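One structure is given here, and the rest of the page talks about it.
The values are calculated or read from the model by the stated rules, or taken from the named source; none is laboratory data. Values in this document were obtained by computation on a predicted structure and should not be read as measured data. So basically every Cβ, Gly included, is an ideal-geometry build from the backbone, and we count neighbours across all protein chains shown.
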Amino acid sequence: MSAQRQSMVRVALFGVIAAGFAFAFGGTRPGSAEQHPPSDPGVPVAAAQPPKGAAKGAKEERQPDRAAVEKALTAFAAAFKKGDGKAVAAMWTAEGEYVGDDGMTFRGRPALEKAYTEFFAKNPDNALEVEVDSMRFPSKDTAVVEGHFKLHQGKKKELTVSKCSFLYAREDGKWLIAIAREWPGDGLSLRDLEWLVGTWEVKRDDTTVTTKYEWTANKSFIRCTFTIARDGESHTGMQMIAKDPSTGALRQWTFEDSGGLGSADITRDGKKWVYTARGATSDGRVFTATNMMTQVDADSFLFHSVERWADDEQLPDLPPIKVNRVKAKP
């Protein structure tokens, strides 16, 4: 392959990797969580996961209580998945309350049952879990759980993630929800891109692009490794996606193993994610592009790239390309 051809391939490949897929198919490189409806009494929890960050001694000291609270969370999730408003409301104390991210509050089991029943009727086919970040016991019979709601809603199982907290109270030996609260998002959150976590692949003609997204420790970054196979050659690299603490904006940095570098500002327009990308290949060629990905469902999204330039040469827009999740073998 000629040096010029190799350079153009690198521009095409490296420039394309916006959401992990890219301009590999055209000659150059490749917004806040949905709000729940007013009648939605939240996204309380599925399977509880072990709390993070708690001291080992504290865990061991209240381990039976921790296990009991986790069991209560799991039972709540099961009732939620079944769409049983009465069973979900029974997980609260008699005067328990839920405060939504819009400030709407439901107090008492009758109000909770009505709200959940209406929500399930309008929104069937839900799957839900809570990711527990911390659990503490301020008194003998109370527990505070903080974490994130993760709602997979509808047949497409679209993911919505939001911050949450619970106050559990023990009554007659049973842990019940006294207060559940969902917190409004502070602009775009890295959690809004959690649906990307996993492995994705797209094939077209003689090119195959494979990406793997995963959380780093403490979920401060999403790391992506990618491989682009074309004309019998493989091009590899990695990306880091983070929320800039100085501006609150989402950004992505790309590092190609051959020496290319790139970055992108990430914004959201409804279900469409927009990556305004700029970078350079190892031989100094500069590329820019506006890359868009629109989630179709839990296992696919459309990648589309426009306004593509390699140095002073304008390149044609790319038509939408469907990218599919690689499902784990049973």
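For the criterion of being outside the structural domain of Ala264 (by TED's automatic domain parsing), surrounded by 15 or more Cβ atoms within 10 Å (Cβ to Cβ) and not polar (S, T, N, Q), Lys163 passes.
Within the stretch 186-220, the residues that satisfy the criterion of being within 25 Å of Arg268 (Cα to Cα), crowded, with 17+ Cβ neighbours inside 10 Å and not charged (D, E, K, R) are Leu188, Ser189, Leu190, Leu193, Trp195, Leu196, Trp200, Val202, Val209, Thr210, Thr211, Tyr213.
Can you find a residue in the stretch 183-198 that is of a type in the set (Phe, Trp, Tyr), touching a Cys at 6+ places or on another chain (Cβ under 8 Å) and assigned to a strand (DSSP E or B)? Among the residues of the stretch 183-198, at least one is of a type in the set (Phe, Trp, Tyr), touching a Cys at 6+ places or on another chain (Cβ under 8 Å) and assigned to a strand (DSSP E or B), which makes the answer yes.
Looking across the stretch 240-264 at every residue that is out of contact with any strand residue (DSSP E or B) (no Cβ under 8 Å at 6 or more places or on another chain) and not small (Gly, Ala, Ser), the one that is nearest to Ile222 (Cα to Cα) is identified as Pro245.
Would you be able to say whether some residue in the stretch 283-300 is out of contact with any helix residue (DSSP H, G or I) (no Cβ under 6 Å at 6 or more places or on another chain), charged (D, E, K, R), crowded, with 16+ Cβ neighbours inside 10 Å and assigned to a loop (DSSP other than H, G, I, E, B)? Yes, the stretch 283-300 has at least one match.
For the stretch 158-178, which positions are at pLDDT below 95, within 19 Å of Leu112 (Cα to Cα) and hydroxyl-bearing (Ser, Thr, Tyr)? Listed by number, the list holds a single entry, Ser165. Gly237: in contact with a strand residue (DSSP E or B) (Cβ under 9 Å, 6 or more places away or on another chain) and crowded, with 19+ Cβ neighbours inside 10 Å, yes or no? Against the criterion (in contact with a strand residue (DSSP E or B) (Cβ under 9 Å, 6 or more places away or on another chain) and crowded, with 19+ Cβ neighbours inside 10 Å), Gly237 qualifies.
Taking strands (runs of 3 or more DSSP E) as the structural unit, those lying wholly within the stretch 41-157 and holding at least 2 residues that are under 21 Å from the mean Cα position of the chain (by Cα) and modelled with pLDDT under 95 correspond to 126-139, 142-153.
Can you tell me which residue among Thr117, Thr93 is within 22 Å of Val161 (Cα to Cα), crowded, with 16+ Cβ neighbours inside 10 Å and in contact with a Lys or Arg (Cβ under 9 Å, 6 or more places away or on another chain)? The unique qualifying residue is Thr117.
Scanning the stretch 248-273 for residues that are in a strand (DSSP E or B) and surrounded by fewer than 18 Cβ atoms within 10 Å (Cβ to Cβ) yields Arg251, Trp253, Phe255, Leu261, Ser263, Asp265, Thr267, Arg268, Asp269, Lys272.
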